[in-house]
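Visitor: One structure follows; several queries about it will come next.
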Amino acid sequence: MNIVLIGPHYPYRGGISDTNQELSKSLVRKGHKVELINFKLLYPKLLFPGKTQYEKNIKSDKSLKLLSSINPLSWLSTINYIRKQKPDLIITSYWTGFLSPCYFTLNSILNSKIKKIGIIHNCVSHEKKIFEKFFLKIYLSSLNKFFTLSRNVYQQIKNNFKVEGFNLFHPTPSKFGEKVSRNEALKKLNLDRNNKYILFFGLIRDYKGVDMLIKAMPALVKKNPTLKLLVVGENYVSNDKYLNLINDLKLSNHIILINKFIQTEMVKYWFSVPEYVILPYQSASQSGIIPLSYHFDLPVICSNINGLKESVKDGVNGFLFNRNKKNIFEKIHYGLNFDKSILIKNITKKKNKLSWDSFVEKLLTNI
């Protein structure tokens, strides 16, 4: 099959770019021809909250940087290019209504005989945006079918729109390499081997509940004096509120803040150190951190909310807590004293079913 995959690719950083890269590689392994259409401009600087949109030290892929999210002329030139490729299938990656006009234009103008599907990572922003539902509606109207990575997002769409869709799963990544020994990781990260660690990983936003996790730490430290929390990821909100909270609770010796985006080659070290990955989210569409943790055979302790709980079974491959500091403390403390080998065994069984090749097989079977 001749496939055009549209969305951010390298050098753009983050989960959507990673997903597109893994998807394209798996499609090629399955014998399909894949053309990667990238953005030459994704977010104008004024609209991007982070330090940079780009990842360092990544070899350039074969994507064509044709699209500007804000320039309709680039959409038209991209349409002309795609027509020449004579694709059987066009796949777009959707996570923000900001791209809806661009995607709608591409899908609507291109030949109706070409199948158009969308992989929807997120359909409702955690920070409510004006006209979000309208932009999602027009995007969906340009598709033959939509696909989601979590039942939560699937249900949000089906509850609001009469459109054809299919729920898949979030596959485990392969780009980050394999787990290294704990001692090697500790040495690389300059961490004390005598401590126990738990990890929060990823971009920091208000809805991710890092403040609630910090508030649970005094009780955890009292029961586990060698415990340290690693908060690793670029902060998209003010870092001061977390620093002030840490100081107020006298936790400066028990919490390490690494306020930066972690480059690909360093991820395996952070995931080779902790006992658990903690996701204290207040809301979630789905999370790429859970399959990333499973890739490294690392159990997850997370909020018992839609978008997360479908991937974590309490006491089977991780633990779930209610969104308050008391229950966060109880579940993490319980986990630290639990036989983790039971969880890891179940994770190993589960992750074999979450490969990218399995994902692509189900995707193409259901288009």
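Visitor: Under a straight-distance cross-link criterion of Cα-Cα below 19 Å, which aspartates and glutamates are reachable from LYS345, leaving out those fewer than 8 residues away in the same chain?
Guide: Qualifying aspartates and glutamates at Cα under 19 Å: GLU178, GLU275, ASP297, GLU310, ASP314.
Visitor: Per q in 0.11, 0.14, 0.18 1/Å, what log10 I(q)/I(0) does a Debye calculation on the alpha-carbon atoms of the stretch 182-351 return?
Guide: Calculated log10 I(q)/I(0) at the listed q: -0.40, -0.68, -1.21.
Visitor: How large is the direction-averaged shadow of the alpha-carbon convex hull of the stretch 2-168, in nm²? Display every interim value, and only then the final one.
Guide: Values: hull surface 39.3 nm².
Value for the stretch 2-168: 9.8 nm².
Visitor: So how tilted is helix 15-29 from the main axis of the chain? Cα-based, degrees 0 to 90, rounded to 10.
Guide: Roughly 60 degrees between the two axes.
Visitor: Explain nothing, just the number: relative contact order of the chain, from Cα pairs under 8 Å at least 6 residues apart, as a whole percent. Numbers along the way, then the final one.
Guide: Values: 654 pairs, mean separation 54.5, N = 367.
With pairs under 8 Å counted, the relative contact order is 15 percent.
Visitor: Still on this structure: Quick one: compute the contact order of the stretch 182-351, relative version, from alpha carbon pairs under 8 angstrom and 6+ residues apart, as a percent. Spell out each step's value before the answer.
Guide: Values: 281 pairs, mean separation 39.8, N = 170.
Relative contact order for the stretch 182-351 comes out at 23 percent.
Visitor: Starting from the coordinates of the alpha-carbon atoms of the chain, obtain the Kirkwood hydrodynamic radius over all distinct pairs and give the value in Å to one decimal.
Guide: Numbers: mean 1/r = 0.0464 Å⁻¹.
Evaluated on the chain, it is 21.6 Å.
Visitor: Cut-off under 16 Å on the C-alpha distance; same-chain residues fewer than 8 positions from LYS56 excluded. Which lysines are left, in chain and number order?
Guide: LYS175, LYS260
Visitor: Among 174-181, 261-268, 279-286, how do they line up from the highest to the lowest mean number of other beta-carbon atoms within 10 Å? Please report the intermediate quantities before stating the final value.
Guide: Numbers: 174-181: 14.1, 261-268: 16.4, 279-286: 21.6.
Descending mean neighbour count gives 279-286, 261-268, 174-181.
Visitor: How do 83-95, 247-259 rank on mean C-beta neighbours within 10 Å, highest first? Spell out each step's value before the answer.
Guide: Values: 83-95: 18.4, 247-259: 14.7.
Going by the mean number of other Cβ atoms within 10 Å, highest first, we get 83-95, 247-259.
Visitor: Moving on to the next point. Taking 8 Å as the Cα distance limit and 6 or more residues as the minimum spacing, I'd like the relative contact order of the stretch 220-275 as a percentage.
Guide: On the way: 39 pairs, mean separation 24.0, N = 56.
Averaging sequence separation for qualifying contacts and normalising by length gives 43 percent for the stretch 220-275.
Visitor: Same structure again: Counting helices only, and only those DSSP H runs with n ≥ 4, report the 222 nm mean residue ellipticity of the chain as the sum of -39,500 (n - 2.57) divided by its residues, in deg cm²/dmol to the nearest 500.
Guide: On the way: 13 runs with 136 residues, N = 367.
Theoretical 222 nm ellipticity from helices: -11000 deg cm²/dmol.
Visitor: Using a 7 Å offset from the Cα along the Cα-to-Cβ direction at both THR348 and LYS45, what is the distance between the two label points in nm, to one decimal?
Guide: Label at THR348, label at LYS45, 5.0 nm between them.
Visitor: Sticking with this structure for a sec: If you count, for each residue, the other Cβ atoms within 10 Å and average over each peptide, how do 67-74, 115-122 line up from highest to lowest? It would help to have the intermediate numbers written out before the result.
Guide: Details: 67-74: 15.8, 115-122: 22.1.
Answer by packing, highest mean first, reads 115-122, 67-74.
Visitor: Name the most mobile residue of TYR207, TYR103, TYR12, meaning the one with the largest mean-square fluctuation, in a Gaussian network model of the chain with Cα contacts below 10 Å.
Guide: Comparing TYR207, TYR103, TYR12 in the GNM, the peak value goes to TYR207.
Visitor: Once both labels are modelled 7 Å past Cα along the beta-carbon direction, what's the ALA219-PHE134 spacing in nm?
Guide: Each label point lies 7 Å from its Cα, and together they span 4.6 nm.
Visitor: Also, quick follow-up: I need the calculated FRET efficiency for the pair GLU361 and SER238, taking r as the beta carbon distance and R₀ as 41 Å, to the nearest 0.05. Walk me through the numbers on the way to the answer.
Guide: Numbers: r = 44 Å, r/R0 = 1.08.
FRET efficiency, GLU361 to SER238: 0.40.
Visitor: Let's see if you can work this out: charge +1 on each Lys and Arg Cβ, -1 on each Asp and Glu Cβ, no other charges. What is the dipole magnitude of the chain about its Cα centre, in debye to the nearest 20? Please report the intermediate quantities before stating the final value.
Guide: Working: 56 positive and 26 negative charges, 71 e Å.
Result for the chain is approximately 340 debye, rounded to the nearest 20.
Visitor: In addition: What FRET efficiency would be calculated for the residue pair SER108, LYS56, taking the C-beta separation as r and a Förster radius of 30 Å, to the nearest 0.05?
Guide: Efficiency, rounded to the nearest 0.05: 0.25.
Visitor: Within the stretch 130-165, report the trypsin sites (Lys or Arg not before Pro) that DSSP leaves as loop and that have at most 16 other Cβ atoms within 10 Å.
Guide: Working: sites: LYS133, LYS137, LYS145, ARG151, LYS158, LYS162; in loops: LYS162.
Sparse-neighbourhood loop trypsin sites (Lys or Arg not before Pro): LYS162.
Where a number appears in this text, it was derived from the coordinates with a stated rule and is not lab data. For clarity, every value in this text was computed on a predicted model and none was experimentally measured. Cβ coordinates were reconstructed from backbone atoms using ideal geometry, including for glycine residues, and neighbour counts include every protein chain displayed.
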